[in-house]
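Here is the structure we will look at, set down as structure tokens.
Nothing in this text is a laboratory measurement; each read-out follows from the coordinates by a stated rule. These numbers were taken from a predicted model, which means no experiment stands behind them. We place every Cβ from the backbone using ideal geometry, glycine too, and count neighbours over all the protein chains shown.
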Amino acid sequence: MSAPPAAAAPAVLTLAPAAPAAKLSRPQFLALVAYWVAIGYLWQSLGTLILPDVVERLVGGAAKGTGLSVLEGIGTVIAIVWQPVAGTLSDRTHTRWGRRRPYLVGGTAADLLFLVGLALAGSFWPLVVAYTFLQFSSNTAQGPYQGLAPDIVPEEQRGTASGFYGLANLLGILSGTVGGGLILAAAGRPAAVASIMALLALGCLATVWGVKEPVRPLRPGGVGPFLGVVRSTFLTPLDHPDFLWLMASRLLILMGVVGIQSFVLYYFSDTYFHGSTRAATGATTGLVGAVILIAVLVTWPAARLSDRIGRKPLIVLGGLLAAAGVSVLLFSGYRWLPEQLLNRLAELLALPPLAAQTLLAGVLLGLGFGAFMSVDWAYITDVIPIEHAGLFFGFSNIATAGSGVIARFVAGLLLDHFNARGQLLNLPGGYPVVFALLLAWILVGSLLVLPVQRGHHP
């Protein structure tokens, strides 16, 4: 993967030099990442629980994989295209409220409106429209928000900041899985969506009021022509090969993780509970909750360790552990734990024995995901030009959101096709095929980080 000649990229609008960032206190870090908790809750509760349930209700069980693929594909294309542009616009914006906060507040306000539309959708295509506009508004906030931390975090606190970001993201995902699942099961879709709206509003207020954003004027005035913003957004990163290797690695690893999140509800329903949404939701909450809980415990010490041994070893190790977890799911149609131990575990969890065995997958996935999340933000920050953090972190969403598009579209089609062909490895045939694909993605993604040269080294 090589960068094009420098002349191929348009000139990037430069910022006036800023004073060195002052060290952040723990309350300032907490305020900074409060919105990240809300984002994690939003997309985890929607993607893992609410949308799969809604899609199945609206299109039926035979077409649920395809329906989810279409919904996520259309919506996430907006995220891939728009978040980088919004981040670049914020790099070039100068207001008395700062560069990032106007987008954060405006995007969140629009989120609340489109979430109401999503909650009220009574058929498939109104759901698609509401979800697409939600992607647009949410990424208007997220691109600039991701540029806020590099603006204010000094270099010596990047490892600490990455730990806070990893923990905040994982706490958002955990609360979205457990809290969102409980609310959905007990009170239905409108109440679950209302909980998302409340947390988004609170997270936005905490970050906007709790973080003092530096105001740095642009040397030339104004944002500049919109087409120039778009060209700069998508061509400038091509001159940074280390960043591109990181994005390729991130894309494939997240494709594996998102694939698990997206289809584990269907896996439990089709394999063990035969269409019982309540039982499948409970098992999904348990497995994904175990992944996130383990990841939360791992993230902070792993972030501190990365300051000593470097970021790269943590990503490679995390990918290998996550791949081992997917392997457990791939062969979950067979009993290979001691029968007495498995029966006790099944009784404790109130699950069928083979479903209880998947808890080991949750432990391994949690260890791997936690290691990856602990260094993801810091490693990107290490290799990008900080003055254009909105552009580069927005561009990084191509990997984040793109992972959802590819994983859900490809795996969803494979799931429906092979499920219709009968069993494989003692499972409905689509699941071993999907799990094998996710395993390959994670392993290759773990290796793609090896060519990165710049960044933190011990």
| task | Go through 29-37, 307-315 and give me the packing order, highest mean Cβ count within 10 Å leading. | result | 29-37, 307-315
| field | Tilt relative to the chain, helix 359-383 - C-alpha long axis, 0 to 90 degrees, to 10 | value | 10 degrees
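Quick check: net charge around Gly429, other residues with Cβ under 12 Å of its Cβ, Lys/Arg +1 and Asp/Glu -1? Write out the running numbers ahead of the final one.
Working: positive: Arg421; negative: Asp270, Asp416.
Here the charged neighbours net out to -1.
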| Principal axis box of region 53-171, alpha-carbon based, largest edge first, Å | 53, 30, 22
| request: Would you mind checking which residues have amide H under 5 Å from Leu424's amide H? H placed 1.01 Å from N; only 5 or more apart, or other chain. | output: Gly429
| query | What does the highest-first list of 137-143, 357-363 look like by mean Cβ count within 10 Å? | reply | 137-143, 357-363
| query | Summing +1 for each Lys or Arg and -1 for each Asp or Glu, what net charge is found among the other residues whose Cβ lies under 11 Å from the Cβ of Ile386? | reply | -4
| Tell me, what ³J(HN,Hα) does each residue in region 86-102 have, in order and in whole Hz, if you take phi through Karplus 6.51 cos²θ - 1.76 cosθ + 1.60 with θ = phi - 60° and put x for Gly and Pro? | 4, x, 5, 4, 5, 4, 9, 8, 9, 9, 5, 8, x, 8, 9, 4, x
| For region 16-99, convex hull volume per residue from C-alpha positions, Å³ | 137 Å³
| request: List, in order, the whole-Hz ³J(HN,Hα) value for each residue of region 143-148 obtained from phi through the Karplus relation with A = 6.51, B = -1.76, C = 1.60 and θ = phi - 60°; use x for Gly and Pro. | output: x, x, 4, 5, x, 5
| field | Principal-axis tilt of helix 189-210 within the chain, Cα atoms, nearest 10 degrees | value | 30 degrees
| Mean residue ellipticity at 222 nm from the helices of the chain, using -39,500 (n - 2.57) per DSSP H segment of n ≥ 4 over the full residue count, to the nearest 500 deg cm²/dmol? | -25500 deg cm²/dmol
| Around Ala62: net Lys/Arg minus Asp/Glu count, Cβ-Cβ under 11 Å | -1
| Spatially proximal lysines relative to Lys23 (Cα-Cα < 23 Å; intrachain offsets below 8 disregarded) | Lys212
| Can you give the Rg and Dmax of region 289-393 based on its C-alpha atoms, in angstrom? | 17.4, 59
| remark: Tilt, helix 389-419 to longest principal axis of the chain (alpha-carbon atoms), in degrees rounded to tens, equals 20 degrees
| task | Can you grab the distance from the C-alpha centre of region 31-57 to the C-alpha centre of region 425-453, Å, no decimals? | result | 24 Å
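Per residue, what volume in Å³ does the convex hull of the Cα atoms of region 322-444 enclose? Could the numbers behind the result be given before it?
Details: hull volume 15.0 nm³, N = 123.
Cα-based convex hull of region 322-444, divided per residue, equals 122 Å³.
About the Cα centre, and with charges only on the beta carbon of Lys, Arg (+1) and Asp, Glu (-1), how big is the dipole of the chain? Nearest 20 debye, please. Can you show the working numbers first?
Numbers: 26 positive and 19 negative charges, 114 e Å.
Dipole size: approximately 540 debye.
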| task | Starting with the highest mean, order 121-130, 194-203 by the number of other Cβ atoms within 10 Å, averaged over the residues of each peptide. | result | 194-203, 121-130
| said: For the chain, place one equal point scatterer on every Cα, skip the solvent, and apply the Debye formula. What is log10 of I(q)/I(0) at q = 0.06 Å⁻¹? | reply: -0.24
